[in-house]
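> Quick one: this structure, given as structure tokens, is what I'll be asking you about.
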Amino acid sequence: MLKTQELTLNMGPQHPSTHGVFRCVLNLDGEYITKVVNHTGYLHRGLEKLAEARTYTQFIPYNGRLDYCSGMMNELAYVMTVEKLMGITEEIPERAQYLRVIMSELQRIASHTIYVASFSLDIAGFTGFMYAFRDRDRALDLIEAASGQRMMPNYMRIGGVAADVDENWFSQLQKLLDDMPASLDEYDGLITGNEIFQARVKNVGIVTREMALDIGFSGPNLRASGVDHDLRRDEPYGIYDRFKFDVPLGEQGDTFDRFVVRIKEMRQSVNIIKQAIKDIPEGPIMAKVPKVIKPPVGEAFHCIENSKGHLGFHIVSDGSTKPYRTRIYSPCFVSLGFFPIVAKGQHLMDAVVTLASIDIVLGEVDR
Amino acid sequence: MDKIVDREALVGELNQKLGNCAEIFEDNTNQSIKVKPEKIVGVMKELRDNPKYDFKALMNLSSVDYPENFTVVYHLNSISYYHKLTVKVELDKAKPEVQSITSVWTAANVQEREAYDLMGIIFTGHPNLKRILLADDWVGHPLRKDFKLQA
């Protein structure tokens with residue numbers, strides 16, 4: 001009889017399918033995984049500590065460095081928490097509110113196209129990567145035109161947004177919105193409907209409804225497991241209660257569902273932006289906020305529907321110009337806890353797909 | 001506006017079921033209750049399983065270093081009623097120890113490890129209480145106020 005032994009395999013931190021500098025140690029019995037241990041922290045910059053040494057306004061650009069695929073929404077979550085703390089949530093001008101929604105949804109499209117791209121790359125489909133990046137770049141061009149930066153926009157302000165956009169920008173946006181449904185059909189034809197793709201990802205990494213809630217999934221990952229919950233619809237923040245959109249759900253919570261939910265979500269984002277640009281009024285883009293931001297003593301927690309899930313900030317103020325404590329509740333960090341549970345017993349090649357399917361960004365995992 | 005749980009009824013029910021363990025915590029959010037550290041697991045189980053409250057998922061687990069104590073803050077959000085509740089646990093400065101709620105929600109596992117790593121709070125009964133973001137040989141807990149920021 002042949003002698004066999006367990007193999008310990010180190011994956012990462014420099015590995016293309018770990019989406020950054022994530023490392024995991026896998027114990028393998030042949031091709032099957034018996035144990036996974038996550039190692040995070042390679043990108044830890046201590047943002048929560050840094051926030052305590054910055055004024056409220058100074059910390060806005062740092063948020064782009066959290067989840068660097070959806071900078072706009074990170075900033076939105078942060079400024080909305082500070083606004084809640086200051087009690088000026090109602091004073092944000094209408095035009096700024098609409099611009100926030102348009103930018104958030106544009107960013108969601110940019111973030112989800114990255115997901116489509118990296119997911120197809122992880123299962124060795126390079127063509128899908130190219131198609132998705134083509135559309136992502138158009139969304140990023142618009143963000144750059146509005147804010148001056150492609151990925152770290154620094155666009156949201158406490159009390160409004162930094163810059164207004166003109167007619168030309170809207171016509172560019174309209175062109176993207178007109179083309180986007182066809183592009184999404186293209187993804188569906190090229191990737192989602194592809195038989196090889198389906199054979200590869202269906203029934204892999206199943207996360208049931210109960211399990212998804214228990215391990216703290218949120219956003220698209222939670223909805224892929226069939227939980228009908230979307231903060232934009234259920235607890236609308238900003239002006240999201242004015243838009244009509246569907247919340248796509250998955251059926252059994254496998255990697256295929258997590259992929260399809262995101263494609264469907266992009267269609268809804270296009271839908272929301274279309275409604276927003278129809279209604280956007282003229283007017284100021286900044287509320288009258290003090291030059292020096294000094295929230296009253298107290299604390300606030302606010303959560304928004306980020307592209308990866310619920311992104312929340314818990315800010316404690318001692319009445320000075322700097323926050324006493326800033327806690328960043330990161331969806332990727334919590335979701336990543338699912339990997340050792342789900343990957344156990346899987347094939348090694350399926351573990352790569354499983355990890356890719358929850359859309360982690362290490363900037364946000366490690367903070 | 002956030003939908004908030006009726007705190008008086010909740011605190012009454014918790015105290016009746018689990019013995020004297022909870023009280024209303026007054027702060028600017030008006031959605032906090034304070035729970036004794038040794039009763040936290042029972043309270044969280046009750047909040048999860050009681051159909052009236054139905055907090056099926058834990059959201060945020062935060063910790064604050066106040067001058068007088070360490071406070072662990074649990075933000076709960078029900079996905080069926082959409083109401084919110086903040087549970088606070090105040091811990092002794094010299095010995096910040098609280099029961100781990102990993103047995104209630106697996107989501108607490110990584111967040112408790114982070115609170116241990118960065119704030120130095122001991123979660124008793126945690127299956128794997130090790131540093132998660134910093135290196136294993138790191139000295140100190142950076143988010144404490146006595147840890148000075150160095151350039």
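> Pick from the range A:201-214 the residues that are surrounded by 18 or more Cβ atoms within 10 Å (Cβ to Cβ) and within 13 Å of another protein chain (Cβ to nearest Cβ): which of them is farthest from A:G253 (Cα to Cα)?
Restricting to residues being surrounded by 18 or more Cβ atoms within 10 Å (Cβ to Cβ) and within 13 Å of another protein chain (Cβ to nearest Cβ), the top hit is A:D214.
> Pick from A:V82, A:V116: which is under 28 Å from B:T29 (Cβ atoms) and either open to solvent by less than 20 Å² (accessible area, probe 1.4 Å) or at pLDDT 90 or above (or both)?
Only one candidate qualifies: A:V82.
> Moving on to the next point. Kindly establish whether A:V161 is in contact (Cβ under 8 Å) with a residue 60 or more places away in the chain, among the β-branched types (V, I, T) and within 25 Å of A:I92 (Cβ to Cβ). Steps first, please.
Details: in contact (Cβ under 8 Å) with a residue 60 or more places away in the chain: yes; among the β-branched types (V, I, T): yes; within 25 Å of A:I92 (Cβ to Cβ): yes.
Yes.
> Output the residue which, of all residues in the range A:328-360 that are open to solvent by less than 10 Å² (accessible area, probe 1.4 Å) and not in a helix (DSSP H, G or I), is nearest to the other protein chains (Cβ to nearest Cβ).
A:Y329
> Can you pull out every residue in the range A:247-291 that is more than 21 Å from the chain's Cα centre (by Cα) and free of Cβ contacts under 8 Å to residues at least 60 places away in the same chain?
Once the filter is applied, which keeps residues that are more than 21 Å from the chain's Cα centre (by Cα) and free of Cβ contacts under 8 Å to residues at least 60 places away in the same chain, the range A:247-291 yields A:E251, A:Q252, A:Q275, A:K278, A:P290, A:K291.
> Tell me, which residue of the range A:296-322 that is farther than 30 Å from A:S269 by Cβ and within 11 Å of another protein chain (Cβ to nearest Cβ) is most open to solvent (accessible area, probe 1.4 Å)?
By that ranking, first place goes to A:V297.
> Within the range B:93-107, can you find the residues that are closer than 20 Å to A:R209 by Cα and either within 8 Å of chain A (Cβ to nearest Cβ) or among the basic types (K, R) (or both)?
Across the range B:93-107, the qualifying residues are B:W105, B:T106, B:A107.
> Mind listing just one residue for me: the one in the range A:199-249 that is basic (K, R) and in a helix (DSSP H, G or I) and, of those, farthest from A:G337 (Cα to Cα)?
A:R242
> Okay, next question. Take the range A:19-64 and flag every residue that is of a type in the set (S, T, Y) and either under 25 Å from the mean Cα position of the chain (by Cα) or in a loop (DSSP other than H, G, I, E, B) (or both).
Passing the criteria: A:T40, A:Y42, A:T55, A:Y56, A:T57, A:Y62.
> When both residues are 6+ apart or on different chains and their Cβ atoms are under 7 Å apart, which pairs have a first residue that lies in the range B:126-144 and is among the hydrophobic types (A, V, I, L, M, F, W, C), and a second that is surrounded by 11 or more Cβ atoms within 10 Å (Cβ to Cβ) and assigned to a loop (DSSP other than H, G, I, E, B)?
Going by the 7 Å Cβ cut-off, the qualifying pairs are B:I132/A:T40; B:I132/A:G41; B:L133/A:T40; B:L133/A:G41; B:L133/A:H44; B:L134/A:G41; B:L134/A:H44; B:W138/B:R131.
> Now for a separate question. Residues being in contact with a strand residue (DSSP E or B) (Cβ under 7 Å, 6 or more places away or on another chain) and more than 8 Å from every other protein chain (Cβ to nearest Cβ): count how many of those fall in the range B:125-147.
Result for the range B:125-147: 4.
> Please state which of the following conditions B:K45 fails to meet, knowing it meets all the rest: (1) open to solvent by less than 30 Å² (accessible area, probe 1.4 Å); (2) at pLDDT 85 or above; (3) within 14 Å of chain A (Cβ to nearest Cβ).
Unmet for B:K45, out of (1) open to solvent by less than 30 Å² (accessible area, probe 1.4 Å); (2) at pLDDT 85 or above; (3) within 14 Å of chain A (Cβ to nearest Cβ): (1).
> Name every residue in the range A:215-250 that is surrounded by fewer than 18 Cβ atoms within 10 Å (Cβ to Cβ), within 9 Å of another protein chain (Cβ to nearest Cβ) and among the aliphatic types (A, V, I, L, M), in order of residue number.
none
The values are calculated or read from the model by the stated rules, or taken from the named source; none is laboratory data. A quick note: this is a predicted structure, and the numbers were derived from the prediction, not measured. Heads up, the Cβs are rebuilt from the backbone with ideal geometry, glycines too, and the neighbour counts pull from every protein chain shown. Note: areas computed on protein heavy atoms with side chains; ligands, DNA, RNA excluded. Shrake-Rupley method; radii C 1.70, N 1.55, O 1.52, S 1.80 Å.
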